[in-house]
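The values are calculated or read from the model by the stated rules, or taken from the named source; none is laboratory data. Remember, it's a predicted structure, so these values are computed and weren't measured experimentally. Cβ atoms come from the backbone with ideal geometry, glycine included; neighbour counts cover every protein chain shown.
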Amino acid sequence: MSAVAQPTDGRRLQFTLPSDRIADGPIEAEGRRRDDRLLLVARQADEPIDHVRMRNLPHVLQPGDLLVTNDSATLPAAVAAGDGTLVHVAGERDDGQWLVELRIPCGAGSHPLPDAAVGQLVDLPGAAHLRLMAPVTESATGVRLWRADVTGTGPRVPWLLHHGRPIRYGCSSRRWPLEAYQTVFSRKLGSAEMPSAARGFTHGLVRRLGASGIGLTTITLHTGVSSGEVDEQPSPEAFRVDDAAVAAIGATRARGGRVIAVGTTVVRALESAVDDSGVVRTAAGWTELIVTPERGVRAVDGLLSGWHEAEASHLELVEAVAGAETLQRSYAAAIEGAYQWHEFGDFHLVLP
């Protein structure tokens, strides 16, 4: 098993995961509860790392803390096109154009279509069509995300519910139903991929958190596709931080409590709504914010997330919250332990 190395740039971790460290499916398929997943707790001060389970979260946090979760629900956003291409629907712009990625099926997973071009026409199920209009994001393999004109589908959400299936990558050896990609906070359909940091919560855990004096509020960020190539930055995503979340965060700050983001999506949304003085304001729209250690964070004190691969840009955001030393210690401990990666895997909590 590869150890965690600190690269010369002082920021990114370097490690390789064996295949047995990748969660193949949901824990409930084994007859266990979601909150039975492992939870590694790291504090930014030089304190020992704790190894517990998600069900122990009420004992890890303090009364007066606030958890901010994402209430976006996952859509079946993968659609098989007529020519065998796989279309991942990342979202819909205000002008009605869809944001899409074209991929080529490959075994259990897929890889980006390298030669897609402006004007390319793709046949969709139900006599629908899309035409690529302009690139949105690019990677080393070419254009990853496109704006596309779509005809014959009607409204995007019901069409996807009828014709789509959940986005699946090679880390999962079989297909799982859409319900496996929802969390207990899922309310507003719109995410292309599951906001997976909240997957370890159960309704019972939520009740016990409340009984322990730990608050909960929600924001909305509809995730795009995150099938990240090496060093690929997040794509534009739709978000909303409403008055209720702003009030809950303000009240927590006023009484000296800590604001803990559940997922990198929540950090991105809150940091897109915070002002220069660190006050979170009501905000909505599309965010292109990239949170890095150099930028830092102003809206959150801690972060609960899954485990990210070494090349994932999400690690920059985690480092912005945790700091480089804490991130290094956490990942070294997780690799030495039995922690599992990816959307159905275990969890990492960073506290101040």
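Would you check if V266 is in contact with a Lys or Arg (Cβ under 8 Å, 6 or more places away or on another chain), of a type outside the set (G, A, S) and buried (at least 20 other Cβ atoms within 10 Å of the Cβ)? Can you show your working first?
Details: in contact with a Lys or Arg (Cβ under 8 Å, 6 or more places away or on another chain): no; of a type outside the set (G, A, S): yes; buried (at least 20 other Cβ atoms within 10 Å of the Cβ): yes.
Judged against the criteria, V266 is not a match.
What is the number of the single condition among (1) crowded, with 17+ Cβ neighbours inside 10 Å; (2) modelled with pLDDT of 95 or more that R103 does not meet?
With (1) crowded, with 17+ Cβ neighbours inside 10 Å; (2) modelled with pLDDT of 95 or more applied to R103, the lone miss is (2).
Are any residues in segment 164-183 buried (at least 18 other Cβ atoms within 10 Å of the Cβ) and either under 18 Å from P105 (Cβ atoms) or among the β-branched types (V, I, T) (or both), and if so, which ones? Before the answer, list the steps.
Going residue by residue through segment 164-183, those that are buried (at least 18 other Cβ atoms within 10 Å of the Cβ) are 164, 166-168, 171-172, 180-183.
The answer is G164, P166, I167, R168, C171, S172, T183.
Can you spot a residue in segment 322-331 that is within 30 Å of R93 (Cβ to Cβ) and at pLDDT below 95?
In the first step, residues of segment 322-331 are kept if they are within 30 Å of R93 (Cβ to Cβ); the result is none.
No - not one qualifying residue is present in segment 322-331.
Any idea which of (1) of a type outside the set (D, E, K, R); (2) buried (at least 18 other Cβ atoms within 10 Å of the Cβ); (3) more than 29 Å from A180 (Cα to Cα) is the one A254 doesn't satisfy?
Here A254 meets the rest and fails (2).
Is one or more of the residues making up segment 268-280 closer than 20 Å to V225 by Cα and either assigned to a strand (DSSP E or B) or not assigned by TED's automatic domain parsing to the domain that holds T326 (or both)?
no
Tell me the residue from D46, D35, D24, D50 that is in the same structural domain as S196 (by TED's automatic domain parsing), modelled with pLDDT under 90 and within 26 Å of G204 (Cα to Cα), please. It would help to see each step written out before you state the result.
Values: D46 fails: within 26 Å of G204 (Cα to Cα); D35 fails: modelled with pLDDT under 90; D50 fails: modelled with pLDDT under 90.
Answer to the selection: D24.
Give segment 301-352 a look and list any residue that's surrounded by fewer than 20 Cβ atoms within 10 Å (Cβ to Cβ) and part of a strand (DSSP E or B), or say none.
Once the filter is applied, which keeps residues that are surrounded by fewer than 20 Cβ atoms within 10 Å (Cβ to Cβ) and part of a strand (DSSP E or B), segment 301-352 yields only W341.
Can you name the residue in segment 269-281 that is out of contact with any strand residue (DSSP E or B) (no Cβ under 6 Å at 6 or more places or on another chain) and either on the phi > 0 side of the Ramachandran plot or polar (S, T, N, Q) (or both) and is also surrounded by the fewest Cβ atoms within 10 Å (Cβ to Cβ) among such residues?
S277
Could you list, in sequence order, the residues of segment 290-300 that are surrounded by fewer than 17 Cβ atoms within 10 Å (Cβ to Cβ) and either at negative phi or under 17 Å from the mean Cα position of the chain (by Cα) (or both)? Walk me through it before giving the result.
First pass over segment 290-300, keeping only residues surrounded by fewer than 17 Cβ atoms within 10 Å (Cβ to Cβ): 290, 292, 294-296, 298.
If the condition is that a residue be surrounded by fewer than 17 Cβ atoms within 10 Å (Cβ to Cβ) and either at negative phi or under 17 Å from the mean Cα position of the chain (by Cα) (or both), then I290, T292, E294, R295, R298 are the ones that fit.
Check off (1) without any contact (Cβ under 8 Å) to a residue 40 or more places away in the chain; (2) crowded, with 18+ Cβ neighbours inside 10 Å; (3) of a type in the set (K, R) for R53 and give me the number that stays unchecked.
Unmet condition: (2).
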